[in-house]
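Remarks on the structure that follows.
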Amino acid sequence: MEEFVSTQHFEVNFDGLVGPTHNYAGLSFGNVASLSNAKAVSSPRSAAKQGLQKMKALHDMGMVQGVLAPHERPDIATLRRLGFTGNDGEVLYKAATQAPEIYQAVCSASSMWTANAATVSPGADTANGKVHFTPANLTNKFHRSLEPMTSGRILQAMFNNSRYFEHHLHLPDNEHFGDEGAANHTRLCSNYGHAGVEIFTFGRYAFDSSKPAPTKFPARQTFEASQAIARLHGLSDENTVYIQQNPDVIDQGVFHNDVIAVGNQNVLFYHEQAFLDTEAKLREIQQKFGDQALHFIEVKTNEVSVADAVQTYLFNTQLLTMPDGTMAIIAPTECQDNPRVAAYLEDLVKRDTPIQRVHFFDVKQSMRNGGGPACLRLRVALNDDELAAVNPAVIMSDSLFERLNQWVDKHYRDELSVADLRDPQLLNESRAALDELTQILKLGSVYPFQQA
Ligand code: SUG
């Protein structure tokens, strides 16, 4: 067969590497798993390895897979900003004894959920043809609001070429512009290289309290934040859809839309209760998508309840186009263990949709904090020129997998309790680990401790 050169397009998944302080402090009100596992003992080492196994498996399936580095924790710079003084040891001691809640928050390894690192729009959708990145401000949770500056620096070190990539500052740090990044953003397209429909899902209107909103748990993302991201990225109105999440499901633990819906190419997989005004919104999506028919796969409440979806993370799965063109679901083992969800998935792959396979992964360490397979990854659709401009040291390979496993074995603890977070050694261990990691991933000095 004759070979011809054409532009290729990929969806690259950049997974968050779990940081050395991974723990269960119960920090996320509205996130059922985080609250119900509060104070359990974690295993940073197995958490990191579970994540690496998933990355390696996707690489082995022929996907392009990347790695996103964790953040520096405990976050000494924030503690100093909050008035704790002295040398690093004194700052830690004072914060841990005088303000344990603040201290636990600055120890969180929550940057591992890279679906919340940023919103990304591929070049095919943006006015200037560049790939746009806006780190999420994550204002709703104090421990997460510490992430955007470092996420921005890490993304710039990975996508460091202004010809192809444009980086924005995160939105103003205020609940009116609460932004949770790609967890509330889905892109449908006929091909990764063609302009797609970018769907922004939000929980409430910041400037209009007469509109529906949840009453029990917080709506983390606002309509106004979603609109601002679309403006920054130069998206056209013809290719953008805004959908409000059903406030009732937020009140049942759906703190991000990716807990109740996931999309890829021409498939939107969602729960019947996920959205408000569902029928009209699906029509708008189809109309903006164009002639080609979309597969709207709606899961009914009598097939899978919202409670089962929240417990198993059926929708926090990765819906991936495999190299052979079929789609596969990357699901947590919790889906396999729940008879109703397992039966649903078994039936789904027999239907006439692009989804042909389900692969189960054990990511329990992350799941116990409410982070499934899809939370752990940031999707970036790239063409081959753009991919060639990405820092190659962050792309998964057999040797990087081996190197990162050795690195985890060398630096990570087997067990970590919330009480252990007070151990002053943890800061030194984390810094030593991250310093080495920036060399492995060739990131330069992205952490505050490296810049001091
Ligand atoms: O923001 N959990 C995270 C989970 C984020 C999941 N991401 C997506 N759905 N995309 C959160 O609630 C818990 C941390 C603790 O309790 O220690 C936490 O932050």
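The values are calculated or read from the model by the stated rules, or taken from the named source; none is laboratory data. Remember, it's a predicted structure, so these values are computed and weren't measured experimentally. Glycine gets a Cβ as well: all are built from the backbone with ideal geometry, and neighbour counts include every protein chain shown. These area figures cover heavy atoms from the full protein model, side chains too; ligands, DNA and RNA do not enter into them. Shrake-Rupley method; radii C 1.70, N 1.55, O 1.52, S 1.80 Å.
Condition test on Asn140, is it assigned to a loop (DSSP other than H, G, I, E, B), of a type outside the set (D, E, K, R) and within 16 Å of the ligand (Cβ to nearest atom)? Answer is yes for this residue. In the range 376-451, counting only helices (runs of 4 or more DSSP H) that sit wholly within it, the ones holding 2 or more residues that are of a type outside the set (Phe, Trp, Tyr) and without any contact (Cβ under 8 Å) to a residue 40 or more places away in the chain span 398-411, 425-440, 448-451. In the range 181-196, of all residues being within 15 Å of Asn257 (Cα to Cα) and polar (S, T, N, Q), the one that is farthest from the ligand (Cβ to nearest atom) corresponds to Thr186. Say whether the condition of being out of contact with any strand residue (DSSP E or B) (no Cβ under 8 Å at 6 or more places or on another chain), on the phi < 0 side of the Ramachandran plot and away from the ligand (no atom under 15 Å from the Cβ) is met by at least one residue in the range 247-265. Within the range 247-265, one or more residues are out of contact with any strand residue (DSSP E or B) (no Cβ under 8 Å at 6 or more places or on another chain), on the phi < 0 side of the Ramachandran plot and away from the ligand (no atom under 15 Å from the Cβ).
Note on the range 369-404: among residues that are crowded, with 22+ Cβ neighbours inside 10 Å and small (Gly, Ala, Ser), the one that is farthest from the ligand (Cβ to nearest atom) is Ala381.
Of all residues in the range 159-171, at least one satisfies being within 16 Å of the chain's Cα centre (by Cα) and either within 13 Å of the ligand (Cβ to nearest atom) or farther than 24 Å from Gly26 by Cβ (or both).
Residues that are within 9 Å of the ligand (Cβ to nearest atom) and under 13 Å from Leu82 (Cβ atoms) within the range 100-115 comprise just one, Ala105.
Among the residues of the range 314-343, those identified as in contact (Cβ under 8 Å) with a residue 40 or more places away in the chain and open to solvent by 10 Å² or more (accessible area, probe 1.4 Å) are Thr321, Met322, Pro323. Touching a Pro at 6+ places or on another chain (Cβ under 7 Å), crowded, with 19+ Cβ neighbours inside 10 Å and small (Gly, Ala, Ser) - does that describe any residue in the range 346-368? No. Output yes when any residue across the range 41-59 is of a type outside the set (Val, Ile, Thr), closer than 27 Å to Ala228 by Cα and at pLDDT 95 or above, and no when none is. No, that holds for no residue. I'd like the full set of residues that are more than 13 Å from the ligand (Cβ to nearest atom) and part of a helix (DSSP H, G or I), limited to the range 116-137. Those that are more than 13 Å from the ligand (Cβ to nearest atom) and part of a helix (DSSP H, G or I): Gly123, Ala124, Asp125. The range 1-96 holds helices (runs of 4 or more DSSP H) entirely within its bounds, and those carrying 3 or more residues that are within 16 Å of the ligand (Cβ to nearest atom) and closer than 15 Å to Ser111 by Cα map to 44-60.
Among the residues of this structure, Glu72 counts as one that is in contact with a Pro (Cβ under 8 Å, 6 or more places away or on another chain) and more than 27 Å from Asn257 (Cα to Cα).
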